[in-house]
Amino acid sequence: MTFHYGADRLTASKALQLMKGQITGSVTEASIRKIKDSEKTVAKIAGGERTVYGINTGFGPLCNTRISPDKTRELQQKILLSHSVGVGDPISPDLVKLMLILKAHALAKGFSGISWQVFERILWHIENNVLPVVPKQGSVGASGDLAPLSHLFLPLIGLGKVLYKGRKISTGKVLDTFGLSKLELEAKDGLALINGTQFMSAHAIKLVDQLYNCLWHADLIGAMMVDGLQGSHMPFHASLHEQRPHDACLFVAKKISHYLKNSEIVKSHEGCDRVQDPYSLRCIPQVHGASRNAWLHLKEVVETEINSVTDNPLIFSEQLTISGGNFHGQPLALPMDYACLAAAEIGNISDRRCYLSLEGKYTGTPKLLMKETGLNSGFMILQYTSAALVSENKGLCFPSSADSIPTSLGQEDHVSMGSIGARKALQVCDNLTKILAIEMICAAQALDFRKPLKSGKTIQEAHRFIRQSISHATEDRIFSKDIESVESLIANKKLYNHLLHFDGVDKKYTDETFEVY
């Protein structure tokens with residue numbers, strides 16, 4: 001399958017497939033013409049009398065400083081140099097490649113005035129996995145992601161470092177290896193490269209993927225815990241949710257009802273005297289559903305953003321160039337903060353279910369999920385780790401977009417801080433994966449005590465699959481190894497892929513709104 005930059009509609013899923021090399025990217029003849037026509041328009045503006053920001057003027061507060069035609073190329077090179085002020089550890093190669101893919105897609109629409117030689121070199125970086133080293137800190141999400149994008153494109157002019165075949169080396173050495181020379185930037189090249197939201201957008205795509213994965217596992221693990229603790233299945237009844245018909249809540253309730261269908265455990269306590277379960281069991285559809293809605297909002301915003309032109313100014317014709325604010329990160333910053341909170345809340349309720357499972361209040365489930373305690377501490381300390389991660393996530397939930405520090409001598413007097421929110425949201429998702437791993441361990445242990453009764457078919461298969469990685473615990477051991485093993489099942493989608501078509505559950509309860517991205 002081939003994706004056409006600038007012509008086809010990009011989704012989060014397709015961007016990830018391009019990043020992994022599962023599909024290839026190319027450019028149509030029509031897009032090539034658009035790029036070259038826009039390049040010619042910029043060349044005419046650069047040599048003319050009309051003043052256009054960033055083509056024949058300085059940048060930011062220097063927007064009224066006219067630059068002579070013979071300094072145009074030097075101007076574009078200097079903007080890459082002056083804006084390469086990133087600090088901190090490098091972002092992951094996956095994020096770097098996503099940034100290159102997103103920038104190529106935006107530039108190929110033909111409104112940026114990028115030169116064809118630069119566009120071709122960006123494609124070369126993607127196709128050959130020559131990935132620039134990009135520091136993670138330094139963007140305020142104002143004129144987009146100026147600092148990280150500057151580092152991303154330093155290799156075009158022979159500077160900076162790149163990651164190639166697992167080694168970090170100087171750009172010059174890689175160019176020599178391929179027999180290539182550094183490029184001389186043309187009018188508008190530098191500005192078109194570093195204006196844009198590709199740093200934020202790349203993080204947001206990863207967030208769409210990781211949060212989706214966490215939501216999928218949270219529903220399954222929650223259902224496992226319901227049966228492990230002999231919870232009621234009635235809170236998932238369709239009649240209840242039809243009276244408060246939020247789509248995501250209906251969806252989660254329907255999935256969990258399916259997971260619990262034909263459960264012998266459910267049938268075994270139909271006549272018990274328990275009136276209501278705690279909220280962490282009873283309100284799974286409402287809590288998980290609300291977070292799923294936040295995920296959907298992020299997905300929709302991201303897919304608008306990654307199909308947009310976000311640099312400045314935009315070139316429509318020699319007479320019409322518009323200097324505006326398409327680079328401002330606010331449209332992404334708010335949904336990422338929302339998704340960050342949504343991820344933290346899934347961890348919060350997951351930790352509550354872990355704690356509930358340790359109390360020993362439910363018939364057949366021993367205190368601390370171990371029969372012989374005293375000498376053994378059982379699963380007590382696993383919940384400590386869960387609590388620590390949940391607390392860390394709470395601290396990370398302050399919305400980055402609530403802050404704004406003026407930059408550029410007041411020219412950029414409101415900034416989004418979206419890049420900070422993006423990095424923070426991914427950290428919360430990483431923590432959430434670990435929290436869910438701990439709950440999965442506890443849920444699997446609780447289900448062991450229900451034998452010989454069986455849960456629903458999908459839960460039984462999930463339990464069998466988990467037990468291939470970790471065994472039932474009868475005494476204390478180094479549980480961090482168990483956490484690592486189960487975290488891998490979740491993060492690498494091993495369990496997800498195993499169960500994807502099992503018993504038709506995901507075919508039966510899949511729709512384009514909540515399961516496909």
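The values are calculated or read from the model by the stated rules, or taken from the named source; none is laboratory data. These numbers come from a predicted model, not from an experiment. Backbone-built Cβ (ideal geometry, glycine too); neighbour counts: all protein chains shown. What goes into the accessible areas is simple: the full protein's heavy atoms, side chains included, and nothing from ligands, DNA or RNA. Shrake-Rupley method; radii C 1.70, N 1.55, O 1.52, S 1.80 Å.
A few remarks follow.
- Residue count for the range 118-147, restricted to those that are within 27 Å of SER401 (Cα to Cα), open to solvent by 10 Å² or more (accessible area, probe 1.4 Å) and not polar (S, T, N, Q): 6
- If only residues of the range 27-54 that are small (Gly, Ala, Ser) and open to solvent by less than 20 Å² (accessible area, probe 1.4 Å) are counted, the one that is nearest to the chain's Cα centre (by Cα) is SER31.
- Of the helices (runs of 4 or more DSSP H) entirely within the range 1-104, those holding at least 1 residues that are of a type in the set (Val, Ile, Thr) and over 28 Å from VAL140 (Cβ atoms) occupy 29-46.
- Residues of the range 1-34 that turn out to be under 23 Å from ARG121 (Cβ atoms) and out of contact with any Leu (no Cβ under 7 Å at 6 or more places or on another chain), as a count: 23
- When residues in the range 105-117 are screened for being buried (at least 22 other Cβ atoms within 10 Å of the Cβ), in a helix (DSSP H, G or I) and hydrophobic (A, V, I, L, M, F, W, C), 2 of them pass.
- Here ASN431 meets the list (1) over 15 Å from CYS214 (Cβ atoms); (2) in contact (Cβ under 8 Å) with a residue 60 or more places away in the chain; (3) not basic (Lys, Arg) almost entirely, failing just condition (1).
Residues are listed down the side, and each one gets a yes or a no for (1) over 16 Å from PHE379 (Cα atoms); (2) in contact with a Leu (Cβ under 6 Å, 6 or more places away or on another chain); (3) surrounded by 15 or more Cβ atoms within 10 Å (Cβ to Cβ); (4) acidic (Asp, Glu):
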{"residue": "THR458", "(1), (2), (3), (4)": "yes, no, yes, no"}
{"residue": "HIS463", "(1), (2), (3), (4)": "yes, yes, yes, no"}
{"residue": "ARG467", "(1), (2), (3), (4)": "yes, no, no, no"}
{"residue": "SER471", "(1), (2), (3), (4)": "no, no, no, no"}
{"residue": "PHE479", "(1), (2), (3), (4)": "no, yes, yes, no"}
{"residue": "ASP482", "(1), (2), (3), (4)": "no, no, yes, yes"}
{"residue": "GLU487", "(1), (2), (3), (4)": "yes, no, yes, yes"}
{"residue": "ASN492", "(1), (2), (3), (4)": "yes, no, no, no"}
{"residue": "ASN497", "(1), (2), (3), (4)": "yes, no, no, no"}
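- Pairing each residue of the range 320-349 that is part of a helix (DSSP H, G or I) with any residue that is open to solvent by 70 Å² or more (accessible area, probe 1.4 Å), provided the two are 6+ apart or on different chains, yields C-beta distances under 7 Å for PRO335/HIS297; TYR338/HIS297; ALA344/LYS394.
- Residue list for the range 265-283, filter: among the charged types (D, E, K, R), open to solvent by 80 Å² or more (accessible area, probe 1.4 Å) and either modelled with pLDDT of 95 or more or in a helix (DSSP H, G or I) (or both): LYS267
- Flag if THR458 is in contact with a Cys (Cβ under 9 Å, 6 or more places away or on another chain), of a type outside the set (Asp, Glu), in a helix (DSSP H, G or I) and more than 23 Å from MET370 (Cα to Cα): no
- Selected residue (criterion: nearest to ASN326 (Cα to Cα)) from residues of the range 401-425 that are assigned to a helix (DSSP H, G or I) and open to solvent by less than 10 Å² (accessible area, probe 1.4 Å): GLY418
- Taken as a whole, the structure places LEU389 among residues that are in contact with a Lys or Arg (Cβ under 7 Å, 6 or more places away or on another chain), surrounded by 15 or more Cβ atoms within 10 Å (Cβ to Cβ) and closer than 28 Å to ALA202 by Cα.
- Filter result for VAL516 (in contact with a Ser or Thr (Cβ under 9 Å, 6 or more places away or on another chain), modelled with pLDDT under 95, surrounded by 20 or more Cβ atoms within 10 Å (Cβ to Cβ) and closer than 27 Å to VAL302 by Cβ): no
- When each of THR24, THR57, THR72 is tested for being open to solvent by 50 Å² or more (accessible area, probe 1.4 Å) and either of a type in the set (S, T, N, Q) or over 20 Å from the mean Cα position of the chain (by Cα) (or both), the lone residue that passes is THR24.
- Scanning the range 468-476 finds no residues that are part of a helix (DSSP H, G or I), modelled with pLDDT of 95 or more and within 28 Å of GLY360 (Cα to Cα).
- Residue match in the range 256-264 (condition: free of Cβ contacts under 8 Å to residues at least 12 places away in the same chain and farther than 13 Å from MET234 by Cβ): no
- Scope the range 288-300; condition closer than 18 Å to GLN198 by Cβ and either without any contact (Cβ under 8 Å) to a residue 60 or more places away in the chain or surrounded by fewer than 18 Cβ atoms within 10 Å (Cβ to Cβ) (or both); matching residues: none
- So ASP227, is it surrounded by 23 or more Cβ atoms within 10 Å (Cβ to Cβ) and farther than 17 Å from GLN286 by Cβ: yes
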